[in-house]
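Take a look at the structure below.
The values are calculated or read from the model by the stated rules, or taken from the named source; none is laboratory data. Since the model is a prediction, treat every value here as computed from it, not as a measurement. Because the Cβ atoms are built from the backbone with ideal geometry, glycine has one as well, and the counts that use them run over all protein chains shown. Heavy atoms of the whole protein, side chains included, go into the accessibility calculation; ligands, DNA and RNA do not. Shrake-Rupley method; radii C 1.70, N 1.55, O 1.52, S 1.80 Å.
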Amino acid sequence: MFKKKITILMVCTANICRSPMAQGVIQKIIQERGLKRRIKVDSAGTHVSRAGTRPDLRARQVASGRGVDISRLKSRMLEASDYERYDYIVAMDRENMRRLAQECPPENKHKLSSIMDYSAVADVPEVPDPYFGNLTGFERVIELLEPACVGLVNSILERHQVT
């Protein structure tokens, strides 16, 4: 059983596409499973140009079409204190993983992972950035994120022996 709330931080570049979509997908999973009091998820970006920005309209549309509401989320920059504050720090792609690994204090490197490591169905190593493309790119992102986020939550539950 959990002794404290488990915290997850989803990380992408600008925190307006992939990581808020991942945050929303996980929030939906934990809500459906009755885990809201046990798991908390947030998102941040490594290169946020304007903190407080809502997710990209295309991300909101695609997420909403899957029953995921990310309309109230706001972008924020990854902070040095996040490495201590969160139990799981999950990168959307290799470049963000590289940056996290460079900046993360050695004692917290065990918290870092890539979201696609948790996917049992996708054979791609990262979630592509859809920002400069069309709606199809955002649809691909959520198709990759849904099973990966289920895998992440399942991994957390197994690791912490929650039934």
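Scanning for something free of Cβ contacts under 8 Å to residues at least 24 places away in the same chain and within 18 Å of Gly133 (Cα to Cα), does the range 21-36 turn up at least one residue? Looking through the range 21-36, none of the residues is free of Cβ contacts under 8 Å to residues at least 24 places away in the same chain and within 18 Å of Gly133 (Cα to Cα). Selection of the range 91-137 for residues being in contact with a Phe, Trp or Tyr (Cβ under 6 Å, 6 or more places away or on another chain) and either within 19 Å of Pro147 (Cβ to Cβ) or of a type in the set (Phe, Trp, Tyr) (or both) yields only Pro130. Within the range 108-127, does at least one residue satisfy the condition of being open to solvent by 40 Å² or more (accessible area, probe 1.4 Å) and closer than 22 Å to Gln31 by Cα? Looking through the range 108-127, at least one residue is open to solvent by 40 Å² or more (accessible area, probe 1.4 Å) and closer than 22 Å to Gln31 by Cα. The C-beta contact set for the range 93-119 (first residue within 15 Å of Thr13 (Cα to Cα) and part of a helix (DSSP H, G or I), second residue open to solvent by 40 Å² or more (accessible area, probe 1.4 Å) and polar (S, T, N, Q), distance under 8 angstrom, 6+ apart or interchain) comprises Glu95/Thr13; Asn96/Thr13.
Only a single item in (1) assigned to a helix (DSSP H, G or I); (2) loosely packed, with under 14 Cβ neighbours inside 10 Å is not met by Gly133, and it is number (1).
Filtering the range 143-163 to residues that are open to solvent by 60 Å² or more (accessible area, probe 1.4 Å) and either of a type in the set (D, E, K, R) or not in a helix (DSSP H, G or I) (or both) leaves Glu143, Glu158, Arg159, Gln161, Thr163. Using the structure shown, decide if Ser75 is crowded, with 21+ Cβ neighbours inside 10 Å, of a type in the set (S, T, N, Q) and closer than 21 Å to Leu157 by Cα. For Ser75, the condition - crowded, with 21+ Cβ neighbours inside 10 Å, of a type in the set (S, T, N, Q) and closer than 21 Å to Leu157 by Cα - is not met.
Across the range 19-35, the number of residues qualifying as closer than 19 Å to Tyr118 by Cβ and not in a helix (DSSP H, G or I) comes to 2. Scanning the range 65-100 for residues that are farther than 26 Å from Leu135 by Cβ and in contact with a helix residue (DSSP H, G or I) (Cβ under 7 Å, 6 or more places away or on another chain) yields a total of 6.
Do you know which residues across the range 36-66 are part of a loop (DSSP other than H, G, I, E, B) and open to solvent by less than 10 Å² (accessible area, probe 1.4 Å)?
Taking the range 36-66 and keeping what is part of a loop (DSSP other than H, G, I, E, B), we get 36-38, 46-56, 66.
Hits for the range 36-66 are Thr46, Pro55.
One residue stands out in the range 81-103 among those that are over 17 Å from the mean Cα position of the chain (by Cα) and more than 15 Å from Asp42 (Cα to Cα): the one that is surrounded by the most Cβ atoms within 10 Å (Cβ to Cβ), namely Glu103.
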